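Participant: One structure, as C-alpha cells, below. Some questions next.
What follows is calculated from the coordinates using simple rules that are stated; it is not laboratory data. Owing to the predicted nature of the structure, the values given are computational and were not obtained by experimental measurement. Cβ sites come from the backbone with ideal geometry, for glycine too, and all protein chains shown count toward neighbours.
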Amino acid sequence: MSITQKEREKLEEGLRKDLGGGTMAEIPVRGFLSTGSISLDYAIRGQLWDGGYPRGRIVELYGDPSTGKSLLIAHAIANAQKLGWYVIYDDAENSLDSFFMQKLGVKDDLSIVNSETIEGHVKRVSRCIKKIREADAETPILICLDSLAALSTTHERGSPEKLEADVEKEIIPDVNLDKRDMTKAQLIRGAMRVLASRFMKEDVLYICTNHVTQKIGVMYGPTTTTPGGTGVKFHASVRIDLNKGKKFENNEGPTGHQIYAEVTKNKVAPPYKKVNFNMFFASGVDLYSGTFDILQKMGIVSEGGGWYTTRLTGKDKFRSKALETPEMMAKIISALKEGKESIEISGEKE
C-alpha cells in the first residue's frame, strides 16, 4: 500500500528525529576563511571570492621545507583574528617567530601551546573547545598545529627520568622504531575519528602542517608520503601539496619563492586544481599573485599580440601591467562577484 507525499515527509522527519540526523540542507559548510592567497582560495572553493579553508573541517598542508606551510598558517591566524574568531596555535616545532607573525598581522593575544605528544595535543584541543563553547556557543574557532610530524608519543618519549638519563649518556632512547611508528599512526587515526565529528558540530576549523618523506625501495608510483599514517588523509576535507618554484632575488640575495599548490583532496569543490602564488621572506604571501593566470584560464582575460582584453571592458586593449595591479585585480573580482557586465579600467591602452 502506497502512502501520500505528505505522509512520507512526516515519516522521514520522524526517522530523522529517532536517528538524531538531519538533511543536507541543515548541514552546509558554514563559511570559508581566506588563505591569504586569492589563487589558493580559488583552488579550494572554485571561485575567486569568499573562498578559502572550509569551517568545521580538517585541512592538511604538506610539502618540502620552505614551501610556505607555516606562512600560510600565520596568514590564516591573522585573517581569523580580524573576523573575531578564537584562535589556538600549537607550535609543536617550537619555531615560532613572534616578530614576523606580527608583521603579517597576527595580534599579540594569540593563544599558544607547545605540545610534545599526540596525546597531549588531543587533550589540549578537547579542553580548549569545551571551555570556549561553555562560554560562547557561536563564534568560530581556529586550531592550528605546526606540525603533525613534530609530535611524538608517550611510548616514544618514555618516562621523563629515563629520557633525561639517555640524554646524559648520549644514547637514543631504547624504543623499537617499527613499534614507535605504528603507535603514532594508530593514535592519530583514533584522534581523527573522535575529533572530526566534533569539529563539525562545534564549528572548528582545524589546520595542520605535515612534512614529506621519501619511501624507501619504491620503484613505481608515488615516491613520497606524509608521516603519521592515514588518519589525517582519510578525515581531512582538504589536502594541499606545496612545492617550490622559481626563486626571486635582488642585489642583496634571495627574497622569496614562487609556490606551486595542488589541492590533492577536496570535499567542498572539485579536486586537483593547480595554482601558483608568490611567497616573500619579508612580507609573506602576495594576495593577488597567480590571479591573472586564473582569469586567463577562465576566459575573463584574453591575450593577443602582447595586449590584453577583458570581457568586462569591451574592445579596449591593455598592457598586462595595467591589469595585474592589486587595485585592478580587486576591481575585476568584485565585478565578477556582483555580476557586473562592464567596468572602467585605467591604464596603458593600445
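Participant: For a quick check: sort 291, 225, 139 by the number of other beta carbons within 10 angstrom, fewest at the front.
Facilitator: Details: 291 25, 225 17, 139 13.
In increasing order of surrounding Cβ atoms, one gets 139, 225, 291.
Participant: Using the count of nearby Cβ atoms within 10 Å as a rough guide to exposure, how do 83, 110 rank from fewest to most? Could the numbers behind the result be given before it?
Facilitator: On the way: 83 12, 110 19.
The order, fewest Cβ neighbours first, is 83, 110.
Participant: Among 336, 33, 11, what is the fewest-to-most ranking by other Cβ atoms within 10 Å?
Facilitator: Sorted ascending by nearby Cβ count, the order is 11, 336, 33.
Participant: Return the distance in nm (one decimal) between the two label points of a simple spin-label model at residue 337 and residue 137, each offset 7 Å from Cα along Cα→Cβ.
Facilitator: It is 3.1 nm.
Participant: Quick query: amide H of residue 117 versus all other amide H atoms, modeled in the peptide plane; which residues come in under 5 Å with a sequence gap of 5 or more or a different chain?
Facilitator: The answer is 152.
Participant: What pairs from 82/130; 69/233; 82/331 go past 19 Å between their alpha carbons? It would help to have the intermediate numbers written out before the result.
Facilitator: Values: 82/130 23 Å; 69/233 17 Å; 82/331 22 Å.
Checking Cα-Cα distances, 82/130; 82/331 exceed 19 Å.
Participant: Would you mind getting me the FRET efficiency between residue 269 and residue 113? Use the beta-carbon distance for r and R0 = 45 Å, nearest 0.05. Display every interim value, and only then the final one.
Facilitator: Details: r = 32 Å, r/R0 = 0.71.
E between residue 269 and residue 113, to the nearest 0.05, is 0.90.
Participant: Rounded if a/c is under 1.5, else prolate if a/b is larger than b/c, else oblate: which is the stretch 28-286, with a ≥ b ≥ c the root eigenvalues of its Cα gyration tensor? Don't jump to the answer; show the numbers that get you there.
Facilitator: Details: a/c = 1.42, a/b = 1.20, b/c = 1.19.
Judged from the Cα gyration tensor, the stretch 28-286 comes out rounded (a/c under 1.5).
Participant: In whole Hz and in residue order, list the ³J(HN,Hα) couplings for the stretch 219-231 that follow from phi through the Karplus curve 6.51 cos²θ - 1.76 cosθ + 1.60, θ = phi - 60°; x for Gly and Pro.
Facilitator: For the stretch 219-231, the Karplus-derived couplings read 10, 10, x, x, 9, 10, 8, 10, x, x, x, 9, x Hz, x marking Gly and Pro.
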